[in-house]
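The values are calculated or read from the model by the stated rules, or taken from the named source; none is laboratory data. Keep in mind the model is a prediction, meaning the values are calculated, not measured. We place every Cβ from the backbone using ideal geometry, glycine too, and count neighbours over all the protein chains shown.
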């Protein structure tokens, strides 16, 4: 089967959406399919065409940006060409260009699935809000044309203003999770490099430094945590500076972060490859996901932490709260409440054994091969209906 996967940003851009798309595409290839990514050439230094781990990547040049959105005049032509060349289509939303691709799927009778990752909330400002409304409108058209919509949890779907209108088209598939197996030497090297004094406990956060991630909630919780654990260290894994659309957010929080860096209680460990991420988690005592809004729909990093025996503290957001609820490995806090975050962290750090579960049992539910198989079933179902 030839599978066309369409999303605005793909690797080397880092987000939960791109990681999901990468893992699923490679799982399709491993199962004998041909997978093609249609995406933006968001960095002009990236090649327009390349193959990575068996996945073909086609990048369309970007004329200009509106906030995080991209305008690609050649996208329509390339979408038509690739839709005709492929058997089925998977669209990752939110995405401005998805509606046109979904329409092509209908016109050319190609089974078309939307994978809906999160609701969209653009930064404040006239142009970003116009872009926001434009994407929302195009997402609605994409849902109308698509045959099926996939999301991570029913909890998120029923609380999403977008998804709850399309519950009849909805299928729930847990996201793919895979990490290399680190050895003791890798884990120790990571600790020596990033925490040479072996400060304890270590509080992890793995995310882009973005407004919706709630970094300030952790910053404001940290003084209370330090009263109980003066040597605690936050390790922030992920891109943190010069992030498109988030420059002012980082600048606003930078003075407070610098103070914690100077005291040894905060460290940016940078963008980590899969092997480094696999060594990152075992060095943690707890992971936090203090997200603020529905742009976060699950939090793959929670599962990655849990399969390494690390409990999590998550915001009480639809979808985001599900990993803790499903696997009983953490605490759920009121959205944006720094006091609640501090209390939850202290509670976990004082009694970590209470939050231990079977890592392998958890991981088995998120195997990329099983996720790809669930998509195959939906594609087969749509194909059967279209052949009638």
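Of all the strands (runs of 3 or more DSSP E) wholly in the range 30-115, which have at least 1 residues that are within 25 Å of residue 368 (Cβ to Cβ) and modelled with pLDDT of 95 or more?
Counting at least 1 such residues, we get 34-41, 49-52, 55-61, 88-93.
Look at the range 1-29 and say how many of its residues are in contact with a helix residue (DSSP H, G or I) (Cβ under 7 Å, 6 or more places away or on another chain), surrounded by 22 or more Cβ atoms within 10 Å (Cβ to Cβ) and in a loop (DSSP other than H, G, I, E, B).
Qualifying residue count for the region: 2.
Of the residues 93, 84, 63, 103, which is without any contact (Cβ under 8 Å) to a residue 60 or more places away in the chain, over 21 Å from residue 273 (Cα atoms), in the same structural domain as residue 371 (by TED's automatic domain parsing) and under 17 Å from the mean Cα position of the chain (by Cα)?
Within the list 93, 84, 63, 103, the selection yields 93.
Only one of these is within 20 Å of residue 285 (Cβ to Cβ) and free of Cβ contacts under 8 Å to residues at least 60 places away in the same chain: 140, 188. Name it.
Result of the check over 140, 188: 188.
Take residue 259 and decide whether it is over 26 Å from residue 68 (Cβ atoms), in the same structural domain as residue 337 (by TED's automatic domain parsing) and surrounded by fewer than 20 Cβ atoms within 10 Å (Cβ to Cβ).
It is true that residue 259 is over 26 Å from residue 68 (Cβ atoms), in the same structural domain as residue 337 (by TED's automatic domain parsing) and surrounded by fewer than 20 Cβ atoms within 10 Å (Cβ to Cβ).
In the range 228-235, is there at least one residue being under 23 Å from residue 68 (Cα atoms), surrounded by fewer than 19 Cβ atoms within 10 Å (Cβ to Cβ) and either touching a strand residue (DSSP E or B) at 6+ places or on another chain (Cβ under 6 Å) or without any contact (Cβ under 8 Å) to a residue 12 or more places away in the chain (or both)?
The answer is no, given that none of the residues of the range 228-235 is under 23 Å from residue 68 (Cα atoms), surrounded by fewer than 19 Cβ atoms within 10 Å (Cβ to Cβ) and either touching a strand residue (DSSP E or B) at 6+ places or on another chain (Cβ under 6 Å) or without any contact (Cβ under 8 Å) to a residue 12 or more places away in the chain (or both).
If residue 285 meets every condition in (1) crowded, with 22+ Cβ neighbours inside 10 Å; (2) in contact with a strand residue (DSSP E or B) (Cβ under 6 Å, 6 or more places away or on another chain); (3) touching a residue at least 60 places away in the same chain (Cβ under 8 Å) apart from one, which number is that one?
Checking residue 285 against (1) crowded, with 22+ Cβ neighbours inside 10 Å; (2) in contact with a strand residue (DSSP E or B) (Cβ under 6 Å, 6 or more places away or on another chain); (3) touching a residue at least 60 places away in the same chain (Cβ under 8 Å), the one that fails is (1).
Within the range 197-211, does at least one residue satisfy the condition of being assigned by TED's automatic domain parsing to the domain that holds residue 345, in a loop (DSSP other than H, G, I, E, B), at pLDDT below 95 and in contact with a strand residue (DSSP E or B) (Cβ under 6 Å, 6 or more places away or on another chain)?
Checking the range 197-211: at least one residue is assigned by TED's automatic domain parsing to the domain that holds residue 345, in a loop (DSSP other than H, G, I, E, B), at pLDDT below 95 and in contact with a strand residue (DSSP E or B) (Cβ under 6 Å, 6 or more places away or on another chain).
Any residue at all in the range 366-378 that's without any contact (Cβ under 8 Å) to a residue 12 or more places away in the chain and at negative phi?
Yes: one or more hits.
Any idea how many residues of the range 348-366 are at pLDDT 95 or above and part of a loop (DSSP other than H, G, I, E, B)?
1
Is it the case, given these coordinates, that residue 119 is out of contact with any strand residue (DSSP E or B) (no Cβ under 8 Å at 6 or more places or on another chain) and modelled with pLDDT of 95 or more?
Taking the combined requirement at face value, the residue does not satisfy it.
Take residue 70 and decide whether it is buried (at least 18 other Cβ atoms within 10 Å of the Cβ), in the same structural domain as residue 375 (by TED's automatic domain parsing), out of contact with any helix residue (DSSP H, G or I) (no Cβ under 9 Å at 6 or more places or on another chain) and under 30 Å from residue 302 (Cβ atoms).
yes
Select from the range 349-373 the residues that are touching a strand residue (DSSP E or B) at 6+ places or on another chain (Cβ under 9 Å) and surrounded by 16 or more Cβ atoms within 10 Å (Cβ to Cβ) and write down the one among them that is nearest to residue 149 (Cα to Cα). Walk me through it before giving the result.
As a first pass, look at the range 349-373 and keep what is touching a strand residue (DSSP E or B) at 6+ places or on another chain (Cβ under 9 Å): 349, 352, 355.
With the extra rule that they be surrounded by 16 or more Cβ atoms within 10 Å (Cβ to Cβ), the set shrinks to 349, 355.
Values: 349: 39, 355: 34 Å.
Ranking the qualifying residues of the range 349-373, first place goes to 355.
Of all residues in the range 284-314, how many are in a strand (DSSP E or B) and within 19 Å of residue 174 (Cα to Cα)?
Total meeting the criteria: 3.
Residue 268 - would you say it is at pLDDT 95 or above, out of contact with any helix residue (DSSP H, G or I) (no Cβ under 7 Å at 6 or more places or on another chain), assigned by TED's automatic domain parsing to the domain that holds residue 315 and surrounded by fewer than 18 Cβ atoms within 10 Å (Cβ to Cβ)?
Values: at pLDDT 95 or above: yes; out of contact with any helix residue (DSSP H, G or I) (no Cβ under 7 Å at 6 or more places or on another chain): yes; assigned by TED's automatic domain parsing to the domain that holds residue 315: yes; surrounded by fewer than 18 Cβ atoms within 10 Å (Cβ to Cβ): yes.
In short, yes.
Return yes or no: is residue 161 surrounded by fewer than 18 Cβ atoms within 10 Å (Cβ to Cβ) and at pLDDT below 95?
yes
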